[in-house]
Amino acid sequence: MHIAVLGAGVVGVTTAWYLQKQGHQVTVIDRQSNAGLETSFANGGQVSVSHAEPWANPSAPLKVLKWLFRADAPLLFRPRLDLAQWRWALAFLRECTPARAAYNIRQMVNLGTYSRAQLQALRQEAGIEYDALSKGILHFYTNPQEFDGALKPTRIMQDLGCDRQIIDADRAVELEPALKPIRDQIAGATYTAQDESGDARKFTQNLAGKCAEAGVEFLYGTEILDFERAGDRLLGVQVLKDGVHDIFRADAYVLSLGSFSAPLARKIGLTLDIYPTKGYSITVPVKNEDAAFKVSLTDDEYKLVYSRLGDRMRVAGTAELSGYSRDLNYTRCRAIVRRTAEVMPEAGHWDQAQFWTGLRPATPSNVPYIGKSHLANLYLNTGHGTLGWTHSCGSAAALADIVAGRKPEVDFSFSGL
């Protein structure tokens, strides 16, 4: 078939890769001038099966209330006159029960484990360079209550085959000596040796190059406005390029537009419970190699992730539910710099931090939409939240199987199946 993939982020480009490997003619459409220029541009960099505890968990409602009026809160809800935001927030609360949280962890671990294996195979096949590091991910906790609260989800992940070890502060510092300045503050930690990190933008753009070599067409600078539909099928997508309106036609379509999937889907009567959660990151040059981390880290109390990208350090996190604005909140950026400098004061040139913000396409459960839609020739691969980089290869491989009429290898609640 001729398949149009709508969106050239890490999820859209990996989708194009796996579809062309199945023999399809693939066209990728994106409004930006290159691949990976929105949410994939400067994300946290972790390929993290162990980061599977959803935001919606039994402790979340109280935390959100506590953080409601803090400008630097890890999770900030800014109420708006926006029906989609309130619908999302109510659905989020419904996902906070112990039973729903455990179910969602299972979905995320299964997809994450499968996706990590797919990424490793793709990396070997395509020979892509993207500052990849396979040194594991270490979650550290400076709040004893946060550490105690992490033990149950960690054991659920262990039961699902995620080798997430529970360790003490001494072992954490042994694994990552850069944590030595806060050794006495660490209440406990967990470590997953199989997890990885890498630059998602480099990966996406380099893979787009490999896709183009294999015959995938990329229509950059092309805005997707609407769908043309007849009955239960799409006939085309309305696009705008260089001021000219046109209809792009294909046999099938894959919706991978991140946070912008939901408003576009509503135009054809499809409600996707996806809302943008604005995240922030800093990218900092390494100052002292001996003081800088090499193992990827997660600071759970502050909801920050640390990834080493060559001679740079990427620190990302926090979530702000404030609509589709991409305005940079400097208070939140400075809070990331302040916290990171407290953890490892000599590691980086903190005064040279580059700030970035992007919109993560979050579902209330943190489980993405992957699979068929209610229309015969429209497929979904969207709503990955903070784990788009982690889940991209597995989501794409599974979707290519679904398009081919095969059952995916991974145990996951695929849409429309």
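Tabulated data for the structure shown
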item	result
Checklist (1) outside any helix (DSSP H, G or I); (2) under 22 Å from the mean Cα position of the chain (by Cα) applied to VAL239, failing item	(2)
Residues satisfying the stated conditions in the stretch 296-313, i.e. open to solvent by 10 Å² or more (accessible area, probe 1.4 Å) and either out of contact with any helix residue (DSSP H, G or I) (no Cβ under 7 Å at 6 or more places or on another chain) or aliphatic (A, V, I, L, M) (or both)	LYS303, VAL305, ARG308, GLY310, ASP311, ARG312
Flag if LEU270 is more than 20 Å from the chain's Cα centre (by Cα) and more than 21 Å from GLY45 (Cα to Cα)	yes
So THR15, is it assigned to a loop (DSSP other than H, G, I, E, B), closer than 30 Å to GLY161 by Cα and in contact with a Leu (Cβ under 7 Å, 6 or more places away or on another chain)	no
Any chance GLY317 is open to solvent by less than 10 Å² (accessible area, probe 1.4 Å), on the phi > 0 side of the Ramachandran plot and touching a Lys or Arg at 6+ places or on another chain (Cβ under 6 Å)	yes
Residue list for the stretch 90-105, restricted to those being assigned to a helix (DSSP H, G or I), open to solvent by 20 Å² or more (accessible area, probe 1.4 Å) and in contact (Cβ under 8 Å) with a residue 12 or more places away in the chain	LEU93, ARG94, PRO98, ARG100, ALA102
Hits in the stretch 1-25 (condition: β-branched (Val, Ile, Thr) and within 19 Å of the chain's Cα centre (by Cα))	VAL5, VAL10, VAL11, VAL13, THR14, THR15
Residue match in the stretch 40-60 (condition: free of Cβ contacts under 8 Å to residues at least 60 places away in the same chain, more than 18 Å from the chain's Cα centre (by Cα) and either over 27 Å from ARG312 (Cβ atoms) or assigned to a helix (DSSP H, G or I) (or both))	yes
Unmet criterion (only one of (1) out of contact with any helix residue (DSSP H, G or I) (no Cβ under 7 Å at 6 or more places or on another chain); (2) buried (at least 16 other Cβ atoms within 10 Å of the Cβ)) for LEU272	(1)
Of residues in the stretch 212-229 being open to solvent by 50 Å² or more (accessible area, probe 1.4 Å) and in a strand (DSSP E or B), the one farthest from HIS245 (Cα to Cα)	GLU217
Subset tally (residues that are assigned to a helix (DSSP H, G or I), aliphatic (A, V, I, L, M) and closer than 16 Å to ALA319 by Cα) for the stretch 76-89	1
Of all residues in the stretch 143-173 being among the hydrophobic types (A, V, I, L, M, F, W, C) and part of a helix (DSSP H, G or I), the one that is surrounded by the fewest Cβ atoms within 10 Å (Cβ to Cβ)	LEU151
Filter result (hydrophobic (A, V, I, L, M, F, W, C) and not in a loop (DSSP other than H, G, I, E, B)) within the stretch 122-142	LEU122, ALA126, LEU133, ILE137, LEU138, PHE140
Unique residue being surrounded by 19 or more Cβ atoms within 10 Å (Cβ to Cβ), of a type in the set (A, V, I, L, M, F, W, C) and modelled with pLDDT of 95 or more when the list is ALA362, ALA335, ALA376	ALA362
Any chance TYR114 is open to solvent by less than 40 Å² (accessible area, probe 1.4 Å), of a type in the set (Ser, Thr, Tyr) and assigned to a helix (DSSP H, G or I)	yes
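The values are calculated or read from the model by the stated rules, or taken from the named source; none is laboratory data. Just so we're clear, the structure is a prediction, and the values are computed from it rather than from any experiment. Counting neighbours? That spans all protein chains shown, and the Cβs are built from the backbone with ideal geometry, glycine included. Note: areas computed on protein heavy atoms with side chains; ligands, DNA, RNA excluded. Shrake-Rupley method; radii C 1.70, N 1.55, O 1.52, S 1.80 Å.
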